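A.B. asks: Take a look at this one; I'll ask things after.
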Amino acid sequence: MKTPTPSYDPSRCSNPGQKENRAWPRYPGRFKTYCQSTKEDDELLWSVQVKDLARQGLKLLSHRRFEPGTILRIGLIHEKGRVLVARAVHVSPTPEGDWSIGCTFPKKLDEEEMRAWLEEKS
């Protein structure tokens, strides 16, 4: 049985009341996972929360600040099929003292990848 493809649903988008100029809708994540800088293989794993996910990128909430331009592996590292690679683009502090990190993927996620992340974590 084929799983339904994520489709545009304003009630699931991050900012349903605000007009955005984005090519793809963002879906709220609100799930925890891990990320790691690709600079070195022995880089620590950092706990992060995926705030939202789109085909072109995602927003992370992290206790650690990553510099813009940092390439990150996101997901459970031992599950190679569930690891995403993204580049930190926007980094800003949150009122709580964490860091909001907007990331872009080198290539858009396909429907299967989107479905896997949305279904597994929702």
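The values are calculated or read from the model by the stated rules, or taken from the named source; none is laboratory data. Quick caveat: nothing in here was measured; it's all calculated off a predicted structure. Quick reminder, even Gly has a Cβ in these numbers, built from the backbone with ideal geometry, and neighbours come from all protein chains shown. With ligands, DNA and RNA removed, areas are computed over all heavy atoms of the protein, side chains included. Shrake-Rupley method; radii C 1.70, N 1.55, O 1.52, S 1.80 Å.
A.B. asks: Within segment 88-109, which residues are within 14 Å of the chain's Cα centre (by Cα) and either in contact (Cβ under 8 Å) with a residue 24 or more places away in the chain or open to solvent by less than 20 Å² (accessible area, probe 1.4 Å) (or both)? Even if it seems obvious, please write down each step before you answer.
C.D. replies: Filtering segment 88-109 down to residues within 14 Å of the chain's Cα centre (by Cα) leaves 88-91, 99-109.
Within segment 88-109, 88, 89, 91, 99, 100, 101, 102, 103, 104, 105, 108, 109 qualify.
A.B. asks: Could I ask something else about it? Looking at 112, 119, can you tell me which residue is part of a helix (DSSP H, G or I) and modelled with pLDDT of 85 or more? Give the derivation first.
C.D. replies: Details: 119 fails: modelled with pLDDT of 85 or more.
So the residue among 112, 119 that is part of a helix (DSSP H, G or I) and modelled with pLDDT of 85 or more is 112.
A.B. asks: Residues in segment 69-76: is at least one touching a helix residue (DSSP H, G or I) at 6+ places or on another chain (Cβ under 7 Å), surrounded by fewer than 16 Cβ atoms within 10 Å (Cβ to Cβ) and at pLDDT below 95? Steps first, please.
C.D. replies: Here is the first cut: in segment 69-76, the ones touching a helix residue (DSSP H, G or I) at 6+ places or on another chain (Cβ under 7 Å) are 75-76.
So of that shortlist, the ones also surrounded by fewer than 16 Cβ atoms within 10 Å (Cβ to Cβ) come out as 76.
Remaining after also requiring at pLDDT below 95: 76.
Checked against the condition, which is being touching a helix residue (DSSP H, G or I) at 6+ places or on another chain (Cβ under 7 Å), surrounded by fewer than 16 Cβ atoms within 10 Å (Cβ to Cβ) and at pLDDT below 95, segment 69-76 yields at least one hit.
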